[in-house]
1. Eigenvalues of the Cα gyration tensor times 5, then square-rooted: what semi-axes does that give for region 103-259, in whole angstrom, largest first?
2. Can you check how the C-alpha radius of gyration of region 50-96 compares to 2.2 N^0.38 Å, as a plain ratio?
3. If you restrict to DSSP beta bridges whose two residues both lie in the chain, what percentage is antiparallel, to the nearest 5?
4. Can you tell me the dipole magnitude for region 136-283 around its Cα centre, using point charges on the Cβ only (Lys, Arg +1; Asp, Glu -1), in Debye to the nearest 20?
5. Of LEU88, LEU27, LEU129, which is the most mobile in a GNM of the chain whose springs link Cα atoms less than 10 angstrom apart?
6. For the chain, what is the Kirkwood hydrodynamic radius in Å, using each pair of distinct C-alpha atoms?
7. Given Cβ point charges of +1 (Lys, Arg) and -1 (Asp, Glu) and nothing else, what value in debye, to the nearest 20, does the dipole of region 28-119 about its Cα centre take?
8. Comparing ASN254, ASN33, ASN146, which has the greatest mean-square fluctuation in the GNM of the chain with Cα pairs linked when under 10 Å apart?
Amino acid sequence: MAKLKVAELFYSIQGEGRYMGVPSVFLRTFGCNFKCEGFGMTKGVKSEEYLKVDPSLYGDYKQLPLVSTGCDSYASWDPRFKHLSPVLDTSAIADAVVDTLPYKEWKDEHLVITGGEPLLGWQRAYPDLLEHPKMRALKELTFETNGTQALSKDFKDYLDRWGWGHPGNFDRLLTFSVSPKLSVSGEKWDEAIKPEVVADYGMVGYVYLKFVVASQEDADEAEKAVEAYREAGFRGPVYLMPVGGVESVYHMNNRAVAELAMKKGYRYSDRLQVPLFKNEWGT
Ligand code: SF4
């Protein structure tokens, strides 16, 4: 049976993107190909805030401190925190996922597989998970990805059968919420912007782009990236979302980002988990 290293598994309200406000189970896998140490920093400077968190002091994600710069889910990929993420087989994960649901069965809830980066090598484990008897009634599934990981042929074929690409599965909806990393993240364009990879997601699911921005300059860079994605065949909508894993930063730039989205004709994505739940781990 396939296994996954699970950083977090919790039930909450989706705070971002297309499913904002929808009750959702979040399965956060461990590991990422990026660090995004640039968020909230002056250009060219890397955040060291997460490096100051001493892993030996924490036995649970819920106790971990929040950071106001860098990646707000640092413990889901920093190897120093790997002891917090058990390796579980897909049957145990399916049991745990359904156990978080209010009625212990799927109703209107949506499953979000997030990270870290959930489309790394873990792709091979998802068919096992989604075919588990407890997962068959799931109707809406989103992968929250940074858009750099190509789908393997086997996984793409599987997703085509799972989602709306397969005749008779019109009531199932597969979404890729792609959050490409602009220079504000500290990652390099050539490694972060992979238009062909994202266009390929569109062969088996609904795809949208969600850019984290803090300024006009970031929004202009997002526009340049959108052109590259469109040229490769991407046809979905584009969201701008404010930087801000903590309330003070979020409130500083959410209105400005909403105005930038209006100016560019893009959609605005909030981060409802920040005002609602202060973006605590497990929300
Ligand atoms: S891609 Fe996402 S999870 Fe990975 S480091 Fe960047 S913000 Fe964090």
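The values are calculated or read from the model by the stated rules, or taken from the named source; none is laboratory data. Just so it is clear, the structure is predicted and the values come from calculations on it, not from any experiment. So basically every Cβ, Gly included, is an ideal-geometry build from the backbone, and we count neighbours across all protein chains shown. These accessible areas exclude ligands, DNA and RNA; they are computed on the full protein's heavy atoms, side chains included. Shrake-Rupley method; radii C 1.70, N 1.55, O 1.52, S 1.80 Å.
1. Numbers: eigenvalues 170, 71, 38 Å².
They are 29, 19, 14 Å, listed largest first.
2. Working: Rg = 12.4 Å, N = 47, 2.2 N^0.38 = 9.5 Å.
Taking N as the residue count of region 50-96, the ratio is 1.30.
3. Working: 10 of 35 bridges.
About 30 percent, rounded to the nearest 5.
4. 440 debye
5. Comparing LEU88, LEU27, LEU129 in a Gaussian network model of the chain, the most mobile one is LEU88.
6. Details: mean 1/r = 0.0523 Å⁻¹.
For the chain, the Kirkwood estimate is 19.1 Å.
7. On the way: 10 positive and 14 negative charges, 70 e Å.
Using only the charged Cβ atoms, the result is roughly 340 debye.
8. Highest fluctuation among the options: ASN33.
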